Structure formats: structure tokens, C-alpha cells
1. Can you find, within region 384-442, the residue that is surrounded by the most Cβ atoms within 10 Å (Cβ to Cβ) among those that are assigned to a loop (DSSP other than H, G, I, E, B) and of a type in the set (Ser, Thr, Tyr)?
2. Determine whether Asn326 is more than 30 Å from Arg115 (Cα to Cα), at pLDDT below 95 and either in contact with a Ser or Thr (Cβ under 7 Å, 6 or more places away or on another chain) or not in a helix (DSSP H, G or I) (or both).
3. Among the candidates Glu162, Glu117, Glu169, single out the residue that is among the charged types (D, E, K, R) and over 30 Å from Leu254 (Cβ atoms).
4. Kindly check whether there is at least one residue in region 196-206 that is crowded, with 21+ Cβ neighbours inside 10 Å and under 19 Å from Gly303 (Cβ atoms).
5. Go through region 126-136 and count every residue that is farther than 17 Å from Ile341 by Cα and either touching a Pro at 6+ places or on another chain (Cβ under 8 Å) or not in a loop (DSSP other than H, G, I, E, B) (or both).
6. Assigned by TED's automatic domain parsing to the domain that holds Ile181 and under 21 Å from Ile158 (Cβ atoms): does that describe Ala273?
7. So, in region 319-365, of the ones that are under 27 Å from Gln390 (Cα atoms) and touching a Phe, Trp or Tyr at 6+ places or on another chain (Cβ under 9 Å), which residue ends up surrounded by the most Cβ atoms within 10 Å (Cβ to Cβ)?
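The values are calculated or read from the model by the stated rules, or taken from the named source; none is laboratory data. Because the structure is predicted, anything quoted here is derived from the model rather than measured. Here Cβ is always computed from backbone atoms with ideal geometry, including for glycine, and neighbour counts include all displayed protein chains.
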Amino acid sequence: MSSSKPSIPKGTRDFGPDKMIRRNFIFSAIKTVFQKFGFLPLETPAMENLSVLMGKYGEEGDRLLFKILNSGDFVKNINLSDFEQGYKKITTSISEKGLRYDLTVPFARYVVMNRNELVFPFRRYQIQPVWRGDSPQKGRYREFYQCDADVVGTDSLICEAEIVLMINEVLENLGIKNFCIKINNRKLLTAITEKIGMPGSETDLCVAIDKLDKIGLEKVVEELTAKHFPELAIASLMPILEFSGSNSEKFKFLKNFLAGSDIGQKGLYEMNAVFEYVESFGLKENNVEFDLTLARGLSYYTGAIFEVKAKDVQIGSICGGGRYDNLTGVFGMPGISGVGISFGIDRIYDVMEELNVFPEANINTTKVLLCCFDEEAKKYSLPLLYKMRQRGINSEIYPETTKMKKQMEYADRKKIPFVMIIGSDEMTSGELMLKDMLNGEQERLNINEIIAKLC
């Protein structure tokens, strides 16, 4: 029987040791900051009931959900009329579960199911993979990690300010120094549509203006015209699209532009409060920008919205999020307000690689390799190996008795920084040969001296 060449599903990836050490560095940096700000870890199952997932992401999202076939004879209850009604009818009959599409809906489900045990405000962070049946392409995968932090059960704007602080600390700890945290508010966007005489058109307006950086003002105007925005409305919008200035100048401009709009003034109050809280924490505004055209996730967010970009690279946003007022309403628990962010691990990795800011960490985690001339030396080495591991030194022994050259080549290829050579002389004297693989220097030390040197 011929064996087929192994492969992995399109849109998924293997991560070798070199990449995983770098990915774990990113995960660890983010997790450390989340915990520092009082967030608790949470994990939810890879699969959820379809009744939890369906209808939460729109028709396109429902289509991209990976469905899991029921166990056993999953077609036994299907008949010809079901086929004639299309795939949606069949899906509900043959599949009751699906892989999670994001971490937010499972989090909402968890909050509702555990509301009597949770302490509100509830701060949670979650770092897990999600799955989407999208068409794979560069930068878009069917399996990828999300790295979320949310506070639910409070509408305090201190939470928004703390998100700004967390983003700053995470990116600076990762070595990404030049970045911009863009902030806007959903209420301001609603007020703008009312001001230009197009109430209720937030989605069309903001899908267009959110592309301003990518396609330019002229193309945005063309798109708005195609969406049946009259010339007068577009003319009224131009001061917003063309305005540039400092954060304080933008506040002053919008205060006049949205005069008489209750929701606009409320949005400005919230934005101003966030900036004031950030300042109270002692953080300078250098990396924070009030962006009048930021418009992410409009159907989802109800207050502040965030988007973060690294300035020195041509890579999209690396972090985003915002305030929502009814996360748990779809599960029968309305009125729970929250705010959250999600770090894009893959894009952060790409940014760090392009900027060359990954620390020069050894790909291999082993610090010292024990190389033995014979079986007797190997037996002698095992208690030494145990003692080093007890002291927290990452160490391993070459498991086979073979030529010393082969053992040294193994250490060299794995980039193990130190080698401990043990033969009859070493066993007799207790003085072991320690070789620095970087500079080739060798010295004879006893095991306690070696431990002291490597710790």
C-alpha cells in the first residue's frame, strides 16, 4: 500500500521551536501585564453548541463557522425534502456543535451561566485559538490565536483608561516603541450622521470613512455617493474628513460642530474623561490620538473604540477593541456593560520581526549538555544531571554512547551554550570539564562550582 505525503489543512500552520519560543515571549509579555492589572485567566471549550454561536456574527459569520458533524449515523433523520430546502436545513439536522469563531461570544455565555458565582466587575483574560472557514491568504488563516482582556459589569471610564495603559505597557515591553493608540467614540459617530442629515446611516458612513487612510478622500466621497449620500450631506461631512490638529484642537472643533446634539456631547464627555484619567495615571499622550474617522465594529460597540498601529511598518492594526453595553443580552441577561481589547498575536509577531526587536534568546532552552565517554561516565553523570535540574538549570544528557565529536556536533546544532565533558579522569578527580561553546574556552570545575556559574 503506497503512503501519501502528509499535509495540514489549508489556512493552518505548524510552529517549530524557533517560532514557538518567540510566540511564547509575546504571550508571556501580554499575560504578565493582564495579570498585573487584576485580570483573571479563563478558558472555554474549543467547541460550543451551535445554538450559542449562530446568529451572533451575521449571515457571513454563520457561513464561516466550522460545524462539527454529530456522532454516529448523522444522516439517519435526513430525507429528500430536507435537501430541497438547502444546506441550512440539513446543517441543523446533522450538526449540533461548532468550533468557536471568537472568544467574545463564549465569554458572554460563560458570564451568563456563572453570574451567581462571579464577582462583578469581572476582569478576565483569555488566550486561545479560534477557527473561521475563510478563504486562506497571506495574513488570514483558518486557525489563529486571539488574546483578549475584558472588564464586564461596570460602565466606569477608568476601565478605558486602563486599557490605554495596558496597551502601552505591553508594546513597550515587547520592544515596539513607536506606535499610535487611536481612540474614538461610537456616540460621536452617531451624532455626526444626525448632524449631516443622515440619521441611521452610521454603518454606511463609517464603512466608508474607516477606509480614509487606505483609499484617500476622493475614493471615500465616491463610496458615499454610491451609498446615496446627497451632495449636501457630503459637503457637511468634509470638515470632519479634512480636519487635522492636536487632540485638544479636535475636542474644541467637535464641541462646536456637534453643538446641540445630546448624544454628541455625551460622547465628548466620555472621550474627555478617558484622556483625563490617562493623564491622572501619569501617562503622557504621546502615543494616544483622538481619531475622528476611526469606526471599527459599529454594530457591536456603543462607546469608546480603540485601534493600535505600529508606525514604522506597513502592517495593519495590531490591537483593537471598545465598549459594549449589551454583551450578554442575547443570552437573556441584558444590561451588562463592558469594555475589552484583543491583541493580534500574528501581526505583532510580524511587526517585531520586521523591526528586529525580538530578544536574542537561544532557540534551544537547554543551557548545558552532559557528554560522556562511556557507560560508566553516563551512570556517574545522572546524579549530577539531577542536581543541576533541582537548581533550576535547563540541562540534558546525550542519551547514547557514541563518539565525542558527534555529541559536540549535537550541542553545536542545537546552540546549547555549555557542554560538560565526563570521562575516567573527571570521575576520579571530581573536576569536570566545562566548555563554553561560544568562545571555546574550557575550565575544570567541581559540580558545585559549575552550578554556581550557570545559575
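1. Tyr398
2. Spelling it out, it is not the case that Asn326 is more than 30 Å from Arg115 (Cα to Cα), at pLDDT below 95 and either in contact with a Ser or Thr (Cβ under 7 Å, 6 or more places away or on another chain) or not in a helix (DSSP H, G or I) (or both).
3. Checking each option against the conditions leaves just Glu117.
4. Taking every residue of region 196-206 in turn, at least one turns out to be crowded, with 21+ Cβ neighbours inside 10 Å and under 19 Å from Gly303 (Cβ atoms).
5. Number of matching residues: 1.
6. Against the criterion (assigned by TED's automatic domain parsing to the domain that holds Ile181 and under 21 Å from Ile158 (Cβ atoms)), Ala273 qualifies.
7. Only one residue fits best here, namely Ala361.
To keep it simple, each residue is scored yes or no on (1) in a strand (DSSP E or B); (2) in contact (Cβ under 8 Å) with a residue 40 or more places away in the chain; (3) farther than 20 Å from Thr328 by Cα.
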residue: Tyr101; (1), (2), (3): no, yes, no
residue: Phe120; (1), (2), (3): no, no, no
residue: Arg124; (1), (2), (3): yes, yes, no
residue: Val151; (1), (2), (3): yes, yes, no
residue: Thr154; (1), (2), (3): no, yes, no
residue: Ile163; (1), (2), (3): no, yes, yes
residue: Met166; (1), (2), (3): no, yes, yes
residue: Ile183; (1), (2), (3): yes, yes, yes
residue: Pro199; (1), (2), (3): no, no, yes
